[in-house]
1. Name every residue in the range 42-60 that is part of a helix (DSSP H, G or I) and out of contact with any helix residue (DSSP H, G or I) (no Cβ under 7 Å at 6 or more places or on another chain), in order of residue number.
2. Is it the case that the range 14-21 has a residue that's more than 20 Å from Arg66 (Cβ to Cβ) and surrounded by 11 or more Cβ atoms within 10 Å (Cβ to Cβ)?
3. Of everything in the range 13-69, what is closer than 16 Å to Gly3 by Cβ and among the small types (Gly, Ala, Ser)? Give them in sequence order.
4. Regarding the range 39-62, can at least one residue be identified that is touching a Phe, Trp or Tyr at 6+ places or on another chain (Cβ under 7 Å), among the basic types (Lys, Arg) and modelled with pLDDT of 85 or more?
5. Limited to the range 21-35, what total is found for residues that are in a helix (DSSP H, G or I), free of Cβ contacts under 8 Å to residues at least 12 places away in the same chain, aliphatic (A, V, I, L, M) and farther than 13 Å from Leu48 by Cα?
6. Quick one: would you say Phe63 is surrounded by 12 or more Cβ atoms within 10 Å (Cβ to Cβ) and under 16 Å from the mean Cα position of the chain (by Cα)?
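The values are calculated or read from the model by the stated rules, or taken from the named source; none is laboratory data. Being a predicted model, the structure only gives us computed values, none of them experimental. Don't worry about glycine lacking a Cβ; one is built from the backbone with ideal geometry, like all the others, and counts go over all protein chains shown.
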Amino acid sequence: MRGTWCYSITGPARGAVLSILVLVTLFGMFRLSAAPGHVLAFAGLSMLGAVMSWRSMTDAARFDPRALS
């Protein structure tokens, strides 16, 4: 939840935040079994997708959906 908030306010450096989020999630998933790991992965992807969609609709100048960073 905090990671998606950080992603939404970062702007041009959001690629770095996304890399850190992936790293933290991967190390957290090592302690989980398969089912909770799948739930965590789905929840994280859903939240990030929602934030990406929301920010590209509300602030398209800073969050261009065509940008890869």
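1. Of everything in the range 42-60, those that are part of a helix (DSSP H, G or I) and out of contact with any helix residue (DSSP H, G or I) (no Cβ under 7 Å at 6 or more places or on another chain) turn out to be Phe42, Ala43, Leu45, Ser46, Gly49, Ala50, Met52, Ser53, Trp54, Ser56, Met57, Thr58.
2. yes
3. Within the range 13-69, Ala13, Gly15, Ala16, Ser19, Gly28, Ala41, Ala43, Gly44, Ser46, Gly49, Ala50 meet the criteria.
4. yes
5. 4
6. Criteria met by Phe63.
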